[in-house]
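Here is the structure we will look at, set down as structure tokens.
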Amino acid sequence: MNNEDKNKDDFPNKVSPQMRPPSLLRNYVSFVGMAIVLAAVTSDLLLFFIEITASSENAYIGILTYIIMPSIMMFGIFVAIIGMIMERRRRRKRAPDDVLAYPMLDLNNPHTRRTFMVFMVGTLVFISVSAFGSYKAFEYSESVVFCGETCHTVMKPEFMAYKAGAHARVRCVDCHVGSGADWYVRSKLSGAYQLYSVSFNKYSRPITTPVHNLRPAPETCEQCHWPEKFFGAQMKVFNRYGNDEENSLHQTKMLLNVGGGSTAAGQVTGIHWHMNIANEVTYINTDEQRQVIPWVSIKDREGNVTEYYDRNNPLPQDKITTAAKRKMDCVDCHNRPAHTYLPPDVAVDTALAAGGLDPTLPFIKRQAVAALTGKYETTPEALNAIDASISDFYRTNYKDLHAKREGDIKKTVAELQRIFQNYFFPEMKTDWQTHPNNAGHMVSQGCFRCHDGQHVSKTGKVITNDCNVCHTVIYDSKAAPAQNTQTGPFKHPVDLGSLADRSCTSCHKPDQPFKHPLNLGDISMFQCAACHKK
């Protein structure tokens, strides 16, 4: 054996001075960093392939492909650089040519061969699991459970109302994120602040409605609902139960004059006249929830512009000039399409009509509304109070009935508790009053924000408050049979006299039984017809 061979055996980690110095990556820390980089690159390639082959755009795949995975890749590179720095310092302290030796790879050696196969299989499993995990993470981040429970626990009110609503099969991200890089980035920046708010308990109670940063309706609602194809009328049935012992049903059937906004589909009339197709409506609001609208501008199909001013709440001309103006779209009326909080009166009427509550239980409408509208600090307190309120009422006032129908009363309590948990959230101070619904005008101002008869142009034109513009009554259970043989304008079942010009909400309070504008004293429990003769 010559001297050169002897030196190789004595110093297996030494490098000949004539050889190029080994890379600083040749250390265990840098190896871990490069493994992270490899896994991130593999996952990113998979996600990129999914993105370019997907039949539809996906809201979260962009952040995984172009933000999350590159971030992981950069982290791996950072780890590798740290390893290089550590390796450089180690070499300075020791002999410069004393470096980590590569393992001797002799596949003829059974032990080496088994170790190599374990390493290769482990690497393949690691990369596969990383890629699969990345995809599942992306898939889960788009789920309703992620939005409503895992990530946004403070969003319980919105989540519960969403599950009870008509859009429960539409994913949260389809409306709140949607497609497109610009809105995607906006939603993620907003989400970053929300994460901070949740982490440090900075969020408001109730959670405010994001009316100012919602994506435009043409990019969300109109992906399913085609405005130009809306026309005609739609029949709606309203079932309202009285607060008397029999829970008397008052049923009204109306034709809602939906109309349309496109001459190609029909006449441009009705409620959807507002749809910015043939006409354009712009307004100024002076509050965050867009409930106070002192100025409205309408441009018709010929381009004529008419401005209307609220004569009871006029806005100075300088403020009209400088104020932000909003072009009306779907969400100005349908502002709670997926998160509707029903008021107590409406929720109880709906449950009675659907059979969830039994109308044969005396005074159940009155007692149910009273139980739901109690002042509660927590949900458990409310559920216990609802149980006690309903059970004690029948136990005290209808002893025989309580004994015979105890099972029905328990079902009634369970249904009221379900209603409360869907629409009332005392911990978050959230209910129908904090989030008004503009679709209609019975429980909030809604249509009457503009159609109040008080918005007048300089030439004297008035935004009408005529009921017949939007709906036509075709059946009223309290009307005489002869009156139900023909359609006609809406007539209040009671002659209101001088009160006829008031809005519905001035008398109809969804969180309390109807109160007569006059003090009726001992005759307050009489039927309306006892005094009001047609």
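The values are calculated or read from the model by the stated rules, or taken from the named source; none is laboratory data. Remember, it's a predicted structure, so these values are computed and weren't measured experimentally. Methodologically, a virtual Cβ is constructed for each residue, glycine included, from the backbone with ideal geometry; neighbour enumeration extends over all protein chains shown.
Could you check Asp345 against (1) acidic (Asp, Glu); (2) surrounded by 19 or more Cβ atoms within 10 Å (Cβ to Cβ); (3) over 20 Å from Ser248 (Cβ atoms) and say which number it fails?
That leaves (3) as the condition not met.
Just wondering, is there one or more residues in region 398-409 that are surrounded by fewer than 20 Cβ atoms within 10 Å (Cβ to Cβ) and either among the polar types (S, T, N, Q) or in contact with a Pro (Cβ under 7 Å, 6 or more places away or on another chain) (or both)?
Yes, region 398-409 contains a residue that is surrounded by fewer than 20 Cβ atoms within 10 Å (Cβ to Cβ) and either among the polar types (S, T, N, Q) or in contact with a Pro (Cβ under 7 Å, 6 or more places away or on another chain) (or both).
Looking only at region 416-450, how many residues end up being crowded, with 19+ Cβ neighbours inside 10 Å, over 17 Å from the mean Cα position of the chain (by Cα) and charged (D, E, K, R)?
1
Taking region 367-397 as the region of interest, how many residues are crowded, with 16+ Cβ neighbours inside 10 Å, in contact with an Asp or Glu (Cβ under 8 Å, 6 or more places away or on another chain) and farther than 17 Å from Tyr341 by Cα?
Counting residues in region 367-397 that are crowded, with 16+ Cβ neighbours inside 10 Å, in contact with an Asp or Glu (Cβ under 8 Å, 6 or more places away or on another chain) and farther than 17 Å from Tyr341 by Cα gives 0.
May I ask you to list pairs of residues, at least six apart or on different chains, whose Cβ atoms are under 6 Å apart, with the first in region 267-289 being more than 15 Å from Lys229 (Cβ to Cβ) and the second being of a type in the set (S, T, N, Q) and modelled with pLDDT of 80 or more?
Cβ pairs passing all conditions: Thr282/Ser297.
If you go through region 299-348 one residue at a time, how many are closer than 30 Å to Trp432 by Cβ, among the acidic types (Asp, Glu) and at pLDDT below 90?
Residues meeting the conditions: 2.
Which residue, of Thr286, Thr350, Thr282, Thr321, is of a type in the set (Ser, Thr, Tyr), in a loop (DSSP other than H, G, I, E, B) and not assigned by TED's automatic domain parsing to the domain that holds Met160?
Thr286
Given the options Ala368, Ala385, name the one that is under 20 Å from Gln433 (Cα atoms) and among the small types (Gly, Ala, Ser). Before the answer, list the steps.
Numbers: Ala385 fails: under 20 Å from Gln433 (Cα atoms).
Residue meeting the stated conditions: Ala368.
Residues checked against (1) polar (S, T, N, Q); (2) in contact (Cβ under 8 Å) with a residue 60 or more places away in the chain:
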| position | (1), (2) |
| --- | --- |
| Met328 | no, no |
| Val331 | no, yes |
| Asn335 | yes, yes |
| Tyr341 | no, yes |
| Pro344 | no, yes |
| Ala347 | no, yes |
| Ala351 | no, yes |
| Gly355 | no, no |
| Asp358 | no, no |
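Hey, can you tell me all the residues within region 373-406 that are over 30 Å from the mean Cα position of the chain (by Cα) and of a type in the set (Val, Ile, Thr)?
Ile390, Thr396, listed by residue number.
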